[in-house]
1. Pick out, in residue order, every one of the GluC sites (Glu not before Pro) in the stretch 139-201 that is DSSP loop and has at most 12 other C-beta atoms within 10 Å; say none if there are none.
2. Taking amide H atoms as placed 1.01 Å from N in the peptide plane, list the residues 5 or more away in sequence, or in a different chain, whose amide H sits under 5 Å from that of residue 297.
3. Pairs of Cα atoms under 8 Å, at least six residues apart: use those to get the relative contact order of the chain, whole percent.
4. Relative contact order for the stretch 1-148: what is it in percent, counting Cα pairs under 8 Å that are at least 6 residues apart?
5. So which GluC sites (Glu not before Pro) in the stretch 232-337 pass both tests, a DSSP loop state and at most 15 other Cβ atoms within 10 Å of the Cβ?
6. Could you list 211, 164, 88 in order of exposure, starting from the residue whose Cβ has the fewest other Cβ atoms within 10 Å?
7. List the pairs from 260/324; 4/309; 109/324; 4/109 whose alpha-carbon separation is above 21 Å, in the order I gave them.
8. Could you run the Karplus curve 6.51 cos²θ - 1.76 cosθ + 1.60 with θ = phi - 60° over the stretch 191-207 and give me ³J(HN,Hα) per residue in whole Hz, x for Gly and Pro?
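Read-outs: derived from the displayed coordinates by stated rules, not from any lab. This one's a predicted model, so the numbers in the text were calculated from it and none came from an experiment. Cβ placement follows ideal geometry from the backbone for every residue including glycine, while neighbour counts extend to all protein chains displayed.
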Amino acid sequence: MCKKIYIAYTGGTIGMRPSDSGYAPGDNLMAQLSQKLPADVLVSLPAFELFEYPQLIDSSNIRPYNWQQIASDIAQRYHHFDGFVVLHGTDTMAYSCAMTSFMLQNLHKPVIFTGSQIPLCEARTDALENIIGALTLATDERINEVCLYFNGRLLRGNRARKLHASRLDAFDTPNYPWLGRADIHIALNESLLWQPTGAEQFQLQCDQQSHVGVVTLFPGITARWVESALSQPVNAFILQTYGTGNAPDSDQELLDTFAKASDQGKLIVNLTQCVQGSILQDSYATGSALTRAGVVGGQDTTTEAMFCKLHHLYSLGFETESVKALLSVSLAGELSA
Ligand code: ASP
């Protein structure tokens, strides 16, 4: 039976056009696509319906409202299409992939995010390959999760990170192997694909409040500086530490600041500043000092995925103790067991 794919065009470089102040979102993507693709190629693609969002954004403008919009859009059309493609700016695509993976759990259909580094209107665009690859993958019944497809790589969405600002292979999953590759043939690494364990479970609540902040350690950071960051009215902080989760244990005032915030009910989650690897908070005295201060390890979850997981759980109304317990539970494949 002929499959039908829904494409949501949210903005991003893919459809941008030059303006006096640099590239800016551009509308009528379908017209641009038709100009670039000969009619016989267009008809050879999986059948699709492209919906252009009324407010196209540069994804640097992403807000929880946009996540709500994307997830609800897919949920509403879930039973009418066989697969979904989301065209999105690359800057925050990793966040949006992670967020939708939590909002649309136990998917039984593919949701493939893609975009491009060079707009469709430019001669050297990478948009065509990315759109065609994503469309093709969105018809594959073996995929039951939110993925990111870019430059021939199929990646788990909530493991992905934008690791290069200008290369066409901008994305990777530093803590998880690629789910597949598109070369002459498309090959999936089937044993790595997410297997849904039950019926679809869509939790679309994504409130507009700020629930999560990020604090990055740097040499010479002071208790005063951290105190001012931790005084922000949010539920949880991601603390980006060194190596396996280490912080300056020679600064008791600094450690006391973390302890005070966690005593006051703020959740502080330890993630490494390293691109690859996991938190092992008690490997060094400089890490176990954080354990005593109430800081909890976030394992090998990316900052993008942890930010979204925390936002998701607090949006659903979970209390800090329950959120803490879920940090070590993989909700959608975002962490290694
Ligand atoms: N600033 C753009 C965006 O994220 C970059 C891109 O799409 O590649 O919307």
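1. Sparse-neighbourhood loop GluC sites (Glu not before Pro): 141.
2. 270
3. Numbers: 725 pairs, mean separation 51.1, N = 337.
Result for the chain is 15 percent.
4. Values: 286 pairs, mean separation 46.3, N = 148.
RCO, the stretch 1-148: 31 percent.
5. On the way: sites: 253, 304, 319, 321, 334; in loops: 319, 334.
Sparse-neighbourhood loop GluC sites (Glu not before Pro): 319.
6. Working: 211 19, 164 13, 88 28.
By the 10 Å Cβ count, ascending, the order reads 164, 211, 88.
7. Details: 260/324 17 Å; 4/309 30 Å; 109/324 30 Å; 4/109 12 Å.
From the list (260/324; 4/309; 109/324; 4/109), the Cα-Cα distance tops 21 Å for 4/309; 109/324.
8. Along the stretch 191-207, the couplings run 5, 9, 5, 6, 9, x, 9, x, 6, 3, 9, 9, 10, 8, 5, 8, 6 Hz.
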